[in-house]
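The values are calculated or read from the model by the stated rules, or taken from the named source; none is laboratory data. What you see is a predicted model, and the numbers here were worked out from it, not measured in a lab. Note that we place each Cβ from the backbone using ideal geometry, even for glycine, and neighbour counts take in every protein chain shown. Quick note on the areas: whole protein, heavy atoms, side chains included, nothing else; ligands and nucleic acids left out. Shrake-Rupley method; radii C 1.70, N 1.55, O 1.52, S 1.80 Å.
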Amino acid sequence: MYKTLKNTDLKDKKVVLRCDFNVPIKDGIILDDSKIRESLETINYLIEQNCKIVILSHFGKVKTKEDKVINSLEPVYIRLKELLKRDIYFSHETRAVNLYLQVDALLPKDILLLENTRFEDLNGNLESGCDPQLSMYWASLCDVFVMDAFASAHRKHASTYGISKYVPSCIGFLVEKELNSLKKYIIEGAKPLTVVMGGAKIEDKIELIESFLNKCDYLLLTGGIANTFLKVLNINIGESLASKNPTILEKVKELLLNYREKIMLPLDVIVATTYDKSYIKYKHLNELDSDDIIVDCGNKTIEKYKTAVLNSKTVFVNGTMGIYEDERFSNGTKEFLRMLKESECTLVAGGGDSVSAINIFGYADSFTYLSSGGGATLKFLTDENLPGLSGIDEE
């Protein structure tokens, strides 16, 4: 058992708090602030403990100097101030001599948010590569490290696993809630279990898919993952996104042979095309042309997937039926969520797109639990192990 906030001496301590503020932002406007809101319970508890609080978070990927401009945490800083209803400080730097002075100058209950931790990836992937010097630097800013970024817990980064190696550490309320809820509703939940999995790149999820197939009763596939399975079945998917990796394709073929009674794939789709932005058509899978691009599923697919849901007691959703952000291609996702709402299943969702679609289309109240993690949720559900938490003190 990981050490928790309530079992850690935090009174009057300097604390580095790792949150996940990797929220969707467009033109400087935060589209969904749920990840920021989920951090408030831990932040407010630390304030009650009279702590000096330094907050770290990543945002997007930073590979060029231009990325630093578009991936600043400044919009998050502004929103966090509004939600906390108090002034906080923001540092445009992630590491500097004067940061020690800023932290030392903090008064009890003060909060300092540092700039995007992935700014440290610009010169050698120091954050993502868990550089020991960077880890020790951030650890030197505090007496206690609190890890509350569940969505980042599946990777060993300097700001997650790295800090915990050099200073006393514990998990925050969000991580504690995530671990307990996923274990209760999915790992120890009622069977039969249906897993819905989508996403663009199957390369990131092929091992997870195999692991889930050993545990679930039905696996409903969507998006680029479904396209790769269809491609292996020699179905023409046109220009739709799918893997070209021979090793992945061979593995998919093996999974189709070994788990054909569990795997469900689309029957009909909505397609766009590369040459005409106004082109949108409904087609059966055997009708696709060479330049078609699958962007959503059709109603026959929803009816097919409904058969699995009706035979299940628990459904875990990690993916959407189509490009839900575009109103033209959102119908499949809307209809699938409506169907889930009408079921009597325990409903759990994890992953940015899944949770975002559920919130946008107004189905949050229909779900038993919405996880803040994507890859972390999947990793925990497969083997109950999260590398980013492996350095946290145990009770």
Residue count for segment 194-218, restricted to those that are part of a strand (DSSP E or B) and surrounded by fewer than 23 Cβ atoms within 10 Å (Cβ to Cβ): 1
In segment 334-365, residue farthest from the chain's Cα centre (by Cα) [restricted to those that are over 20 Å from Asn299 (Cβ atoms), in a helix (DSSP H, G or I) and among the small types (Gly, Ala, Ser)]: Ala364
Residue count, segment 31-43 (criterion: of a type in the set (D, E, K, R), open to solvent by less than 50 Å² (accessible area, probe 1.4 Å) and touching a residue at least 60 places away in the same chain (Cβ under 8 Å)): 2
Any chance Arg79 is assigned to a helix (DSSP H, G or I), surrounded by 17 or more Cβ atoms within 10 Å (Cβ to Cβ) and without any contact (Cβ under 8 Å) to a residue 60 or more places away in the chain: yes
Check on Leu46, surrounded by 15 or more Cβ atoms within 10 Å (Cβ to Cβ) and assigned to a helix (DSSP H, G or I): yes
Strands (runs of 3 or more DSSP E) completely within segment 103-173 that count 2 or more residues being touching a residue at least 12 places away in the same chain (Cβ under 8 Å) and either surrounded by fewer than 24 Cβ atoms within 10 Å (Cβ to Cβ) or aromatic (Phe, Trp, Tyr) (or both): 111-114, 144-147
Filter result (open to solvent by less than 10 Å² (accessible area, probe 1.4 Å), part of a helix (DSSP H, G or I) and polar (S, T, N, Q)) within segment 290-329: Thr301
Every residue from segment 10-30 that is more than 23 Å from the chain's Cα centre (by Cα), touching a residue at least 60 places away in the same chain (Cβ under 8 Å) and at negative phi: Leu10, Lys13, Lys14, Val15
Positions within segment 229-285 being touching a residue at least 12 places away in the same chain (Cβ under 8 Å), open to solvent by 40 Å² or more (accessible area, probe 1.4 Å) and in a loop (DSSP other than H, G, I, E, B), in sequence order: Leu233, Ile235, Asn236, Glu239, Leu241, Asn245, Tyr259, Lys262, Leu267, Thr274, Tyr275, Ile280
Number of the exception - Ala190 against (1) touching a helix residue (DSSP H, G or I) at 6+ places or on another chain (Cβ under 7 Å); (2) farther than 30 Å from Glu74 by Cα; (3) open to solvent by 10 Å² or more (accessible area, probe 1.4 Å); (4) not in a helix (DSSP H, G or I): (1)
